[in-house]
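Structure first, then comments.
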Amino acid sequence: MSKFELKLPQMGESVAEATLTNWLKEVGDTIEMDEAVFEIATDKVDSEVPSEVDGVLLEKRFDVDDVIKVGEVVAVIQVEGDVDVVVDDSSDQEAAVEETAEVPARELEVQMAGVKESVSTSVPDFSSSERFYSPLVKNIAKEENVSMDELEAIVGTGKEGRVTKNDIMAYLENRSNGNATKVDTVQQPDTKTEKVATPEPSKAPVVDKPKESKVQVGAGDEVIPLTRMGKLIAHHMVESISTSAHVQSFVEVDVTNVVNWRNKVKNAFQEREGEKLTFTPIFMEAVAMALKKYPMMNISLDGDKVIKKKNINLGMAAALPDGNLIVPVIKNADQLNLVGMAKTVNDLANRARNNQLKPDEIKDGTYTVTNVGSFGSVFGTPIINQPQVGILALGAIRKIPSVIETDQGEYIGIRSKMYLSHSYDHRVVNGALGGMFVKAVADYLEAWDINREI
């Protein structure tokens, strides 16, 4: 008999954790390979996690509503015969480390008694904070001389914004490297003043402590708590704003040829392919071609290094019936013809609305497109989907009077036009590149061949 560890899979480049929402199997249940064992949810997708082996569920490591890190063991399955992956003692070692770290404060003081320090340090007063800190984080803060002001300034990535071991260790690493800005000195009686540092946003973002709400709830007002996904999306959006220097460029596009061409071929397309031909695959094709022309828009920033992506994977922001958003990804979009793009777009959109996307289908996006025009918006200023550096908003297509230039002169005519709104990260994308990219998308659409074959 062997034991197999079923771990939380990687669900996207920017997804580090997920919430366990439901167990589909109980201890003692028989499990077949590829059969779903539990359900998880992130700010991007709700999904089932299947078993990689046949066996019997031996152990459940987490409860419903627990937040789980990617790569953590969620379940242990008993398997007959040998399997490629067996249970190791890494989790036991981690538990031992945490147990060692979680020494009660008075024992720590006894252990440290008699040790002569060259510099007196400030000990955090946890009783003065309304924020929750685990025993492990508290002891690390004490041992590494992290003041209460520093600790309060660290943004937590754990459940409900709690500071995790990884958060405080990232802060300490950044501080030791000198990559930090100074914060106010904390003065303690009979101690030397020690200046401490705050990390750069890319390592451990610093934000002000949230202020207590001053909103008055009146009689008849309805208080609606944010959903789990709503909270995660809110955190993701605020984190993006604090990370990237957002700049926008806007271009008006004449899409009359695109509209006329689609009206001409959409019935034949649906009859032949069994798929509806919407405007989305046409726009996605234009974006993919622009990314091929300007590959420095298809990048990510990692500290002081730019990662130039080999594949063009387009995220397609989609609104769900509950108002939340999800971003399925069209992999290798530049390699698809229009028929393939239309089928991929329709398939991902349909399964997104029905919560049937797989974790792999919302990961590895390199650039995102969002259609604000579907709600009647003329243009918008979308927030970048980290760790990407750009996002394009498609405005509503409107018929408007427009000046038309011809060889015979200028005249006023009715044209179908729309706005493209390009948000980009000004840390690595300058105005010239941001503007040329969105102009390339516009040029591709305006040059659409009205006689194009499908």
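The values are calculated or read from the model by the stated rules, or taken from the named source; none is laboratory data. Fair warning: this is a prediction, and the values are worked out from it, not measured in the lab. Cβ coordinates were reconstructed from backbone atoms using ideal geometry, including for glycine residues, and neighbour counts include every protein chain displayed.
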Can you tell me which residue in the stretch 358-384 is farthest from residue 301 (Cα to Cα), limited to those that are of a type in the set (A, V, I, L, M) and in a loop (DSSP other than H, G, I, E, B)?
378
Considering only the stretch 418-446, state which residues are surrounded by fewer than 19 Cβ atoms within 10 Å (Cβ to Cβ) and touching a residue at least 24 places away in the same chain (Cβ under 8 Å).
426, 427, 428, 431, 433, 435, 436, 439, 446
Is it fair to say residue 326 is in contact with a Ser or Thr (Cβ under 8 Å, 6 or more places away or on another chain), closer than 30 Å to residue 234 by Cβ and assigned by TED's automatic domain parsing to the domain that holds residue 401?
no
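If I filter the stretch 143-161 for residues that are polar (S, T, N, Q), modelled with pLDDT under 80 and part of a loop (DSSP other than H, G, I, E, B), do I get at least one hit? Before you say what the answer is, go through the steps one by one.
Quick first cut of the stretch 143-161, residues polar (S, T, N, Q) only: 145, 147, 157.
Next, from what is left, pick out any that are modelled with pLDDT under 80: 157.
With part of a loop (DSSP other than H, G, I, E, B) added as a condition, the list becomes 157.
Within the stretch 143-161 (the criterion being polar (S, T, N, Q), modelled with pLDDT under 80 and part of a loop (DSSP other than H, G, I, E, B)), the answer is yes, since at least one residue qualifies.
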Only one of (1) in contact with a helix residue (DSSP H, G or I) (Cβ under 8 Å, 6 or more places away or on another chain); (2) modelled with pLDDT under 95; (3) more than 20 Å from residue 438 (Cα to Cα); (4) not β-branched (Val, Ile, Thr) fails for residue 342. Which number is that?
(2)
Out of 277, 314, sole residue that is in contact with a helix residue (DSSP H, G or I) (Cβ under 7 Å, 6 or more places away or on another chain) and either free of Cβ contacts under 8 Å to residues at least 12 places away in the same chain or closer than 20 Å to residue 423 by Cβ (or both):
314
Among the strands (runs of 3 or more DSSP E) contained in the stretch 385-454, which hold 1 or more residues that are more than 34 Å from the chain's Cα centre (by Cα) and at pLDDT below 95?
398-406, 409-425
Unmet criterion (only one of (1) in contact with a helix residue (DSSP H, G or I) (Cβ under 8 Å, 6 or more places away or on another chain); (2) more than 30 Å from residue 8 (Cβ to Cβ)) for residue 348:
(2)
If a residue counts only when it is β-branched (Val, Ile, Thr) and buried (at least 17 other Cβ atoms within 10 Å of the Cβ), which strands (runs of 3 or more DSSP E) contained entirely in the stretch 243-312 have at least 1 such residues?
246-254, 299-302
With respect to residue 364, determine if the residue is free of Cβ contacts under 8 Å to residues at least 24 places away in the same chain and charged (D, E, K, R).
no
Can you confirm whether residue 227 is hydroxyl-bearing (Ser, Thr, Tyr), at pLDDT 50 or above and over 16 Å from the mean Cα position of the chain (by Cα)?
yes
